Amino acid sequence: MFSELSCEHGNYRNLVGGEWRPGKSGKTITITSPLNGQIIGTVPSMTMDEVDEVVHIAHEAQKSWRTVPANKRAEILQRAADILEREADALADILLHEIAKDRKSARSEVTRTADYIRFTADAVKNMAGESIPGDSFPGFDRDKISVVTREPLGIVLAISPFNYPINLAASKIAPAVAAGNTVILKPATQGSISGLHLAKVFEEAGLPAGVLNTVTGRGSEIGDQIVTHPGIDFINFTGSTEIGQHIASLISMKPCLMELGGKDAAVVLEDCDMELTVDNIVAGAYSYSGQRCTAVKRILVMESVADKLVARLKAKIGQLAVGDPLENLDAVVVPLISSAAADFVCELMDDAREKGAHTNLR
């Protein structure tokens with residue numbers, strides 16, 4: 001299924017207008033595995049001239065895609081979900097190597113993405129408009145009826161993050177195409193290969209040429225130009241608060257949906273089930289080494305049970321499996337996505353120690 005994506009030497013291509021194209025400039029970005037530094041492949045480093053072409057293709061494709069009946073769009077989404085489930089192991093292996101996600105979490109990402117797409121397919125068949133009696137408006141009576149329908153926006157720019165390159169790309173693509181929009185997927189650089197495989201899933205499911213297109217390249221080089229492109233009608237972004245704020249400062253009145261960082265808290269009360277609480281806090285904080293916007297980052301606990309909670313947490317955390325998920329199938333704490341991420345975590349640890357943090361209980 002994935003053979004069309006890459007040439008013999010692992011040089012991946014972008015889906016543009018129903019074709020898998022190499023970059024016109026010849027420039028590529030090398031993707032290496034966080035596990036061992038080995039080269040996984042290369043993706044095109046696209047130019048703004050190429051982005052302009054992609055936007056034009058998406059615009060033309062949307063003219064016919066918007067007229068496709070909702071039930072037909074839903075059928076394509078259902079097929080995409082079937083393919084994801086069929087290829088779950090293969091896609092999990094790609095996630096494991098490209099973003100160092102443990103195999104269990106990687107497979108779960110793929111299967112729950114299939115569930116989400118099915119939910120979207122069901123929802124679009126019930127996406128109805130409404131009729132409003134004329135006398136709801138001043139100056140009219142009930143001999144007139146206002147008919148309200150839902151219309152697609154046009155072109156959706158989907159910008160997905162590294163940590164869930166399949167799930168958080170599909171969660172942008174599926175609702176957009178279901179509603180009659182076309183999509184340009186700009187995956188995170190580390191995560192691009194996974195994103196391209198997802199695009200292949202939708203293509204195999206029967207999504208017409210030009211309805212979904214992909215753009216790879218460094219955000220620092222083409223990011224600002226893409227989000228401000230006049231042909232983009234809506235932006236769906238998941239990523240850091242810093243980048244989200246930067247995008248918001250550029251796009252002015254352009255509609256957008258952003259999922260940014262947070263300081264998710266676990267709230268622990270006196271009557272909690274302590275064992276269940278500890279299990280959920282540890283899983284929420286350390287799964288995929290905490291590289292999730294929904295990871296538990298702080299704990300608000302009643303003083304009466306604080307010492308008991310700390311003791312249980314320390315014991316549970318000490319049991320976590322750490323290592324390379326290729327070598328340890330039970331690994332929960334896995335290599336971070338980059339050296340920069342690892343350096344940042346070390347800085348946080350050093351800062352905590354300077355402020356009095358320690359590993360011994362009082």
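Here are some notes:
- Close pairs (6 angstrom Cβ cut-off, 6 or more residues apart or separate chains): within 25 Å of ASN163 (Cβ to Cβ) and assigned by TED's automatic domain parsing to the domain that holds GLY231 in the stretch 24-51, charged (D, E, K, R) and at pLDDT below 95 anywhere: LEU35/ASP324; SER45/LYS27
- The helices (runs of 4 or more DSSP H) located wholly in the stretch 117-234 that include 2 or more residues which are under 19 Å from LYS72 (Cα atoms) occupy 167-178, 192-205.
- Failed item in (1) surrounded by 22 or more Cβ atoms within 10 Å (Cβ to Cβ); (2) more than 24 Å from ILE235 (Cα to Cα); (3) of a type in the set (Ser, Thr, Tyr), with SER160 passing the rest: (2)
- Selection from the stretch 236-250 of residues that are farther than 24 Å from TYR12 by Cβ and either assigned to a helix (DSSP H, G or I) or touching a strand residue (DSSP E or B) at 6+ places or on another chain (Cβ under 6 Å) (or both): THR241, GLU242, GLY244, GLN245, HIS246, ILE247, ALA248, SER249, LEU250
- Checked against the criterion of being basic (Lys, Arg) and either outside the structural domain of SER33 (by TED's automatic domain parsing) or in contact (Cβ under 8 Å) with a residue 12 or more places away in the chain (or both), the candidates ARG142, ARG86, ARG118 yield just one match: ARG118.
- For first residues located in the stretch 274-287 and at negative phi and assigned by TED's automatic domain parsing to the domain that holds SER304, partners that are among the polar types (S, T, N, Q) and part of a helix (DSSP H, G or I) and lie 6+ apart or on another chain with Cβ distances below 9 Å form the pairs SER287/SER105.
- When the stretch 190-219 is limited to residues that are more than 19 Å from the chain's Cα centre (by Cα) and not aliphatic (A, V, I, L, M), the one that is nearest to ALA100 (Cα to Cα) turns out to be GLU204.
- The single condition from (1) out of contact with any Phe, Trp or Tyr (no Cβ under 9 Å at 6 or more places or on another chain); (2) surrounded by 14 or more Cβ atoms within 10 Å (Cβ to Cβ); (3) without any contact (Cβ under 8 Å) to a residue 24 or more places away in the chain that PHE237 fails is (3).
- Flag: SER192 matches the condition of being within 20 Å of VAL110 (Cβ to Cβ), polar (S, T, N, Q), touching a residue at least 40 places away in the same chain (Cβ under 8 Å) and buried (at least 22 other Cβ atoms within 10 Å of the Cβ).
Residues checked against (1) β-branched (Val, Ile, Thr); (2) closer than 16 Å to ILE99 by Cβ; (3) in contact (Cβ under 8 Å) with a residue 40 or more places away in the chain:
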{"residue": "VAL301", "(1), (2), (3)": "yes, no, no"}
{"residue": "GLN319", "(1), (2), (3)": "no, no, no"}
{"residue": "ASP324", "(1), (2), (3)": "no, yes, yes"}
{"residue": "ASN328", "(1), (2), (3)": "no, no, no"}
{"residue": "PRO335", "(1), (2), (3)": "no, yes, yes"}
{"residue": "PHE344", "(1), (2), (3)": "no, no, no"}
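The values are calculated or read from the model by the stated rules, or taken from the named source; none is laboratory data. All of these numbers come straight from a predicted model, not from anything done at the bench. All Cβ positions, glycine included, derive from the backbone under ideal geometry; neighbour counts span all protein chains shown.
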